[in-house]
1. If packing is taken as the average count of other Cβ atoms within 10 Å, what order do 56-68, 100-112 fall into, highest mean first?
2. If each DSSP helix of 4+ residues adds -39,500 (n - 2.57) and the sum is divided by the residues in the chain, what number results at 222 nm, nearest 500 deg cm²/dmol?
3. What net charge do the residues around Pro76 carry, taking every other residue with its C-beta under 15 Å from that of Pro76, with Lys and Arg at +1 and Asp and Glu at -1?
4. Alpha carbon centre of segment 2-48 versus segment 50-122: separation in Å?
5. Could you tell me which label, among (i) 45, 38, 23; (ii) 59, 28, 24; (iii) 50, 46, 23, carries the value of Cα extents along the principal axes in Å calculated for this structure?
6. Among all the lysines, which ones have a C-alpha under 22 Å from Lys48's C-alpha, if same-chain residues fewer than 8 places away are not counted?
7. In whole Hz, with x marking every Gly and Pro, tabulate ³J(HN,Hα) for segment 42-55 from phi via Karplus 6.51 cos²θ - 1.76 cosθ + 1.60, θ = phi - 60°.
8. May I ask for the equivalent-ellipsoid semi-axes of segment 59-122, computed as the square root of five times each C-alpha gyration tensor eigenvalue and listed largest first in whole Å?
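Throughout, read-outs are computed from the coordinates displayed, never taken from laboratory work. Everything numeric in this text was worked out from a predicted model, so none of it was measured. All Cβ positions, even for glycine, are placed from backbone atoms using ideal geometry, and neighbour counts span all protein chains on display.
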Amino acid sequence: MIDLAEQDGENFIPLKDIISRQGISQKYVEAIMTVLSKAGLVEAMRGKSGGYRLNRPAKDYAVGDILRATEGTLAPVACLEDDAAPCKHSSYCKTLPLWTELNHIVESFLDSVSLADLIQKR
């Protein structure tokens, strides 16, 4: 996402260019781009002048949204995941308040950082 944000923004960036700059495998980049495209975070175009590009300004992407799209969850423990079944231990779990607060802190922080913020700090 940072790589795309650092590019022109108007043109689609070929996958091979991203791979070359980032030094990661084509299979890995393809998998991530598929997820990002399905989540509506990037726009994809096939063909000779195809590739990927952001579909909105970098300042409008929260890092938390990008990570939730690619990782599925940011929860530090399984019982706090969105689709978790109610835990039978939650009423007396000594650590649940700790994990709940940590989850809130992590999500709040990641949602407060934009893709543009990352580029500016680079």
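1. Per-residue Cβ counts within 10 Å, averaged per peptide and sorted highest first, yield 56-68, 100-112.
2. The helix contribution divided over the chain gives -14000 deg cm²/dmol.
3. On the way: positive: Arg68; negative: Glu71, Glu81, Asp82, Glu101, Glu107.
Summing Lys and Arg as +1 and Asp and Glu as -1 gives -4.
4. First find each Cα centre; the distance between them is then 22 Å.
5. (ii)
6. Lys16, Lys27, Lys38
7. 9, 9, 10, 9, 8, x, 4, 9, x, x, 9, 7, 5, 9
8. The answer is 29, 12, 7 Å, longest axis first.
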